Amino acid sequence: MHPYYPTPWRGIEGDLSTIPNSANSERRKQQLHARILIADDEPRARASLKELLRFTGHEITLAESGREAIELLNSNNFDLILLDLNMPDLNGHKVMEHIDQYTIDCDIVVISGEATFDHASLALRNGAKDFLRKPYQPEELLRTIDNTLDHRRLKIENKQISQRLNESESLHKFIVNNSPDMIYLLDQEGRFAFINDRVEGLLGYDAKEIIGQHFSKLIFEEDINQANYTFNERRTGDRATRSTELRLNCKINDGPRYFESRTVPIELSSIGIYSVDEDNQKSFIGTYGVARDITERKQAEELIKYQLHHDLLTNLPNRTLFRDRLNMAMAHSKRTGKKLVVMYLDMDRFKIINDSLGHYVGDELLKLVGQRLRSELREADTLARVGGDEFNLLIPEINDIQDARNLAEKILRLTAEPFLIKNEEIFISFSIGISVYPTDGDTKDSLIKHADIAMYKVKNSGKNGYAFYSDRMKSHFAASLDIENGLRKAISTDELCLYYQPQYNTMEEKIVGVEALVRWQHPDKGIIQPNEFINVAEESGLIVPLGEWVMRKACQDMQRWQTEENISLSLSVNISVQQLEMDQFVNKTLAIIKRHNLDRNVLELEITEHAIMQDMEKAIDTLSRLSHRGIRIAIDDFGTGYSSLGYLQSLPINTLKMDRSFVEGIKSKGDNSIVTAIISMARGLNLDLIAEGVESQTQVDQLNSAGCHLAQGFFYSRPLPEDEFLKMVKSQPNSIN
């Protein structure tokens, strides 16, 4: 099951029925009627959480903002709050500060799409009992809630029992020894006077082995100075130690369990204990402390940090980590005078393999390629995946250029050997471009760019080889430069035009929307298709003014159709990752819509999965701001990305556009399970779904049968100039006017 919000749609009860077990059921019997507050500004997220918790017997209250959550906390008693960090009015951190400032007795579990290490660490430091990163599994959420309520219940019981210690010493010992935390007492000299049985499960020691020993026996040597002021606490009240992190040593030999690590991270709270004599004079008796195992939390933090710097498919470093290591390697080369090499590796014919054998095989191939290359490199070398089938390789401290040549030839030999996937041998090759520091560039950008240029030289020369960068290679890119210069002129002199491809409701047999597609009316070459200039536009930065021109012209045409032709359709416009990264993109888009007097929900912006994955955090922020202002968002080429589908729950998506590669595979009596799964998922998430590349009646019939009733493709119409498109709209039987 892919991780996503467990939305309240057909099929969710079947998923939930597999979650409880006998242990969980018994725990929930003890937790019935817990009051839980859900604070999340996304209606779908709130509804999903409430639906998931419907089976637990807890009392659920919803808050759609941070401010409403604080008002509810001030006026009601809650046992637990499930808190989103990213809320527009008051974020989750402010809510946690309020809870701490006013000592509100409510445990906190953070559930957020914020993926940075800093957000997770800050949330946990501010009092969150646990941190779940969106996407999450329903089982994981229920387990976290159970554990948190268990811990809360134990705290309440411990507090009540501690008030009756004089009445039942045996009950006191039972509760303490069965606490999930390690509880101890130190005497005046810092020796253990008491420690509960948790020390055995946590560190492998029998409690009898620890009694009488100095506390330093358990402290990791690097933390001993901090422990002298915290583990052996003498202060009381607000100055006493709270939630300080330390590492404890595990027992070295034949403990009761196998320890993967020799240390255990704990969160410590301790306080000095004093007696008061008849003259009201206090004297220090010892230290009382509670140590909580935070191994799982630390592992979660490390996982978040790892995911920020690694490609999740291949587990190789990503572009960010590669550039950081390249920076350090260049600084080291300046000091030592040794050269370093950057290689740009691009797999030949990967798209053909991906399209013909499927994305699963493509993903497995990328994993195996990464593993094979990594196994033959030095520890100091860095192999990173920076794109779909693109890798960067950093080779620091080479003695001679021949070393780089030898390595490139070795890579070609390694990748020439077949890869076995699902009992099928797959043969690949690589085009490799090489740049050398400092002769080919003295910045990381120039080194990567020049290696990229050298790689394209290999691509244009027949592939399956390598080349070192040289200044002469720049001439091979004269054509690209001509396109760039011509396109720059075309944008300013109105050589561009829009073609329109209709989107059909296949059940009603009428046009309901239109996608605007740019063409270049070259004065000498005639109509130039976008595949000949879009890549150059993206590489040169012209994609931003080009995209803005397309949006202005499309909105201008739509305004004229509405006022002069009485035609009203939805309008789809493609946007690029560079546009998303612009700080003023949202304001410019809204200004264009206002200038042409269009309703905001008329416009639907299409962005590809690949573009979103370039900077997920920025994409979520920008697209959410657009969505909150009424603009619809569509995911283009859906299903072709390499990342988890979990981003669907983080983005304000209205429409999925099923990639044409899936539609091409539709057969009248064939296995269309992937198409059916995509349609079911879209329906379950309450998203519109448009099938792209529809070219036959068979495909239309199968899509209709499966429940997809929106389509575009050559079966209905190729992209048309404006006048031909309007003529087509007016001539259809169910005309929109």
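The values are calculated or read from the model by the stated rules, or taken from the named source; none is laboratory data. Everything quoted here is computed from the prediction, not taken from an experiment. A quick note on method: Cβ atoms are made from the backbone with ideal geometry, for glycine too, and the neighbour counts reach across all protein chains shown. The accessibility values were calculated without ligands, DNA or RNA, using every heavy atom of the protein model including side chains. Shrake-Rupley method; radii C 1.70, N 1.55, O 1.52, S 1.80 Å.
Specify which of the listed residues (Thr61, Thr56) is under 18 Å from Leu141 (Cβ atoms), in contact (Cβ under 8 Å) with a residue 12 or more places away in the chain, of a type in the set (Ser, Thr, Tyr) and part of a loop (DSSP other than H, G, I, E, B). If you could, list the steps in order and put the result at the bottom.
Numbers: Thr61 fails: part of a loop (DSSP other than H, G, I, E, B).
The match here is Thr56.
Can you pull out the residues in the stretch 37-94 that are within 23 Å of Asp150 (Cα to Cα), of a type in the set (D, E, K, R) and either in contact with a Cys (Cβ under 9 Å, 6 or more places away or on another chain) or open to solvent by 30 Å² or more (accessible area, probe 1.4 Å) (or both)?
Passing the criteria: Lys50, Glu51, Arg54, Glu59, Asp79.
Find the strands (runs of 3 or more DSSP E) located wholly in the stretch 386-495 whose residues include 3 or more that are open to solvent by less than 80 Å² (accessible area, probe 1.4 Å), and list them.
Answer list for the stretch 386-495: 390-398, 430-437, 465-468.
Identify, by number, the condition in (1) in contact (Cβ under 8 Å) with a residue 60 or more places away in the chain; (2) open to solvent by less than 40 Å² (accessible area, probe 1.4 Å); (3) acidic (Asp, Glu) that Glu509 doesn't meet.
(2)
Identify the residue in the stretch 110-122 that is crowded, with 21+ Cβ neighbours inside 10 Å and touching a helix residue (DSSP H, G or I) at 6+ places or on another chain (Cβ under 7 Å) and, among all such residues, is modelled with the lowest pLDDT.
The extreme case among them is Ala120.
On the given criteria, is Thr314 surrounded by 19 or more Cβ atoms within 10 Å (Cβ to Cβ), in a loop (DSSP other than H, G, I, E, B), in contact (Cβ under 8 Å) with a residue 12 or more places away in the chain and not aliphatic (A, V, I, L, M)?
yes
Looking only at the stretch 698-713, filter to residues that are of a type in the set (S, T, N, Q) and more than 23 Å from Ser570 (Cα to Cα); which one of those is surrounded by the most Cβ atoms within 10 Å (Cβ to Cβ)?
Gln699
Would you confirm whether or not the stretch 136-149 contains a residue that is in contact with a strand residue (DSSP E or B) (Cβ under 9 Å, 6 or more places away or on another chain), modelled with pLDDT of 70 or more, open to solvent by less than 90 Å² (accessible area, probe 1.4 Å) and not in a helix (DSSP H, G or I)? Outline the logic, then answer.
Looking only at the stretch 136-149, we keep the residues that are in contact with a strand residue (DSSP E or B) (Cβ under 9 Å, 6 or more places away or on another chain), and these are 136, 140-141, 144-145, 147-149.
Now drop any that are not modelled with pLDDT of 70 or more, which leaves 136, 140-141, 144-145, 147-149.
In the following step, the residues that additionally are open to solvent by less than 90 Å² (accessible area, probe 1.4 Å) were identified as 136, 140-141, 144-145, 147-149.
Within this subset, residues satisfying the condition of being not in a helix (DSSP H, G or I) are 136.
Within the stretch 136-149, one or more residues are in contact with a strand residue (DSSP E or B) (Cβ under 9 Å, 6 or more places away or on another chain), modelled with pLDDT of 70 or more, open to solvent by less than 90 Å² (accessible area, probe 1.4 Å) and not in a helix (DSSP H, G or I).
In the stretch 675-697, which residues are over 28 Å from Glu42 (Cβ atoms) and open to solvent by 60 Å² or more (accessible area, probe 1.4 Å)?
Glu695, Gln697
(1) part of a helix (DSSP H, G or I); (2) over 34 Å from the mean Cα position of the chain (by Cα); (3) buried (at least 18 other Cβ atoms within 10 Å of the Cβ): which one isn't true of Trp520, the others all being true?
Here Trp520 clears every test but (1).
When the stretch 265-296 is examined, which residues are found to be in contact (Cβ under 8 Å) with a residue 12 or more places away in the chain, over 20 Å from Tyr229 (Cβ atoms) and either part of a strand (DSSP E or B) or hydrophobic (A, V, I, L, M, F, W, C) (or both)?
Across the stretch 265-296, the qualifying residue is only Asp293.
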